[in-house]
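Each remark here refers to the structure printed beneath this line.
Every number in this text was worked out from the coordinates using simple rules, so none of it is lab data. The shown structure was predicted, so the numbers you read here are calculated from the model rather than taken from an experiment. Because the Cβ atoms are built from the backbone with ideal geometry, glycine has one as well, and the counts that use them run over all protein chains shown.
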Amino acid sequence: MPDASTPLRPLDPTDWDAFRRLAHQMVDDSLDYLRDVATRPTWTPTPAAVMSAIHDESVPRAGIGDAAAYDDFLRLVRPYPNGNIHPRFWGWVMGTGTPQAAMAEFLCSVVNPQMGGLDHAPVYVEQQVVRWYAELMGLPGSAGGILVSGGTMANVLGLSVARRQRAAWDVRKLGAYGGAPLRVYASTEVHSWLKKSCDFLGLGEDAFRRVPVGADFAVDVPAMAQMIAEDRAAGLNPFCIVGTVGTVQTGASDDVNALADLAAREKLWLHIDGAFGAMAKLAQHPQAAAAVRGMDRADSIAFDLHKWGYLPFDIAMLITREDRHLTETFANQAPYLTGMAGGINASGSIYFNDRGIELTRSFRALKVWMTLRAQGSELLGAHIGRNITQAQYLGGLVAREAELELLAPVPLNLVNYRFRAPGLDTDALNALNRNILVRLQEDGIAVPSGTVIRGQFAIRVAITNHRSRDEDFDLLVRESLRIGRELLRA
Ligand SMILES: Cc1ncc(COP(=O)(O)O)c(C=O)c1O
């Protein structure tokens, strides 16, 4: 065992000049990689040899050095990415990131602050970006918020706030079953985070009451009102309505004004899952305005910045109407965290630890702060608006082709379509379209993802990509037709 006098190679560089050269090389290589992204395939499958080179390596007990480790990254990792930084990546709902925010991530790691709380500038930066986004989302100055890893986390925290604020008993002390079972209401189109969260929070999956949607995939509000009344009559405890602005399947938005009226009448919490759709609030676009109408009446809003905020993973925000909604749900006393008369732990410092579940947190706020300050919310909004226009453009291209059809309306930034061929039944069409999707991906042409809408397999294009241009959608349609025809002939 080394004693204090044993010389030990430091973890910091021993030759700062050599490390500086390597670090500059990494930056240069990375900027070239980002600049040239469109020249590469959207996605390249990871070769078996690469997988086993990663998988089979035993624990590196003696290091190989910084330069060799970087070479391995260039050889084994960087050529086989997810693809979401490419202009023709539209799968699931992923953002693209920006070079500027990538540099902000580097700066964040250099300063490396702990964001649970204390008195330091990074904490004030997070507080400020929360204020900015609260204002952009139309919430009052008394709003509070916190940055978390993603939409799922922001939503589950929002649901715990709702439970704390609306259960008729002290949930923090008595738990989920201090009274009759709690019930939360959302549409059948709500993202799977809700079911998972009901389980995770100990409410049980049955706590989630699934409300049907109309032809526009928005929740049927009268049906929701009726379910609430039935549950009350059965002695259950309705506590929360979850509305979605931008559903994951079709981009539909619930009528938030109607949900806010219902929540007010029933004294329920209104939480909005705006994972990507809430960002439409920044856009000057009639469809964006329609999607977010009434959102400023919510008690809490969860949204990602790594989707339609175009920031690198991972980052999302939960905002509550009042800051105390968060502290009442999450604040915790411990002698080793208690504020002092002064110093770094002065009482009155901002504690994000009291506004969420994590104590140690990273400085995610820096990339939001630098992006908003450098580029401005108007430019972000203009890109979001352009993505909506692109969805209309793609929808128009599909509608013009006899061999293609739309499987859902295009209210925001999502397009669901399929190749069709006379004489094929649903199963055959589903199989054909699954194969078209796989070919589009495996040939490196584009990465849409797939879903099933009312029994029909759809090629699903979610546009949260600031690099896409009209010609990318022209290519997608051309290639979908070519592959579809080829597969039909085969
Ligand atoms: C509407 C909606 N809600 C929640 C989520 C979950 O967000 P995250 O993947 O950031 O956890 C998604 C993800 O696509 C989504 O589209």
Legend entry - Selected from Pro81, Ser52, Pro10, residue furthest toward positive end of dipole (the range 1-82; charges at beta carbon): Pro81
Inset, instruction - Let me know the charge dipole size of the range 1-158 about its Cα centre in debye, to the nearest 20, where only the beta-carbon of Lys, Arg (+1) and Asp, Glu (-1) is charged. - result: 460
Legend entry - Label-point separation, Asp17 to Val77 (7 Å along Cα→Cβ), nm: 2.9
Legend entry - Expected 222 nm ellipticity per residue - DSSP helices of 4 or more, -39500 (n - 2.57), all of the chain, to 500: -13000 deg cm²/dmol
Legend entry - Extension reserve of the Asp199-Asp427 stretch, reckoned as 0.36 nm per residue once the Cα distance is removed: 78.7 nm
Legend entry - Cα→Cβ-extended label distance, 7 Å offset, between His55 and Ala233, nm: 5.7
Legend entry - Amide H partners (placed H, <5 Å) of Thr451, local residues excluded: Ala458, Arg460
Legend entry - Rounded to the nearest 20 debye, dipole of the range 379-489 from Cβ charges on Lys, Arg, Asp, Glu: 140
Legend entry - Listed residues Trp269, Ala288, Thr96: farthest to the positive end of the dipole of the chain (Cβ charges): Trp269
Inset, instruction - Could you tell me whether the range 379-489 comes out rounded, prolate or oblate from its Cα gyration tensor? Rule is a ≥ b ≥ c as square roots of the eigenvalues, rounded for a/c under 1.5, then prolate if a/b exceeds b/c, otherwise oblate. - result: prolate
Inset, instruction - Quote the FRET efficiency, to the nearest 0.05, computed for Asn112 versus Leu406 with a Förster distance R0 of 56 Å and r equal to the Cβ-Cβ distance. - result: 0.70
Legend entry - Antiparallel DSSP beta bridges within the range 113-375, as percent of all bridges there, nearest 5: 40
Legend entry - Within the chain, longest stretch clear of exposed trypsin sites (Lys or Arg not before Pro) (DSSP loop, no more than 10 other Cβ within 10 Å): 62-266
Inset, instruction - Taking the dipole about the Cα centre of the chain, with the C-beta of Lys and Arg at +1 and of Asp and Glu at -1, give me whichever of Leu318, Ala490, Ile241 is farthest to the positive side. - result: Ile241
Inset, instruction - Treat every Asp and Glu Cβ in the chain as -1 and every Lys and Arg Cβ as +1, leave all other atoms uncharged, and give the resulting dipole magnitude about the Cα centre to the nearest 20 debye. - result: 700
Legend entry - Cβ-derived FRET efficiency at R0 51 Å, Ala168 paired with Arg434, nearest 0.05: 0.60
Inset, instruction - Treat the count of other C-beta atoms within 10 Å as a stand-in for reagent exposure and order Trp90, Trp43 from fewest to most. - result: Trp43, Trp90
Legend entry - DSSP bridge orientation in the chain - percent antiparallel, rounded to nearest 5: 55
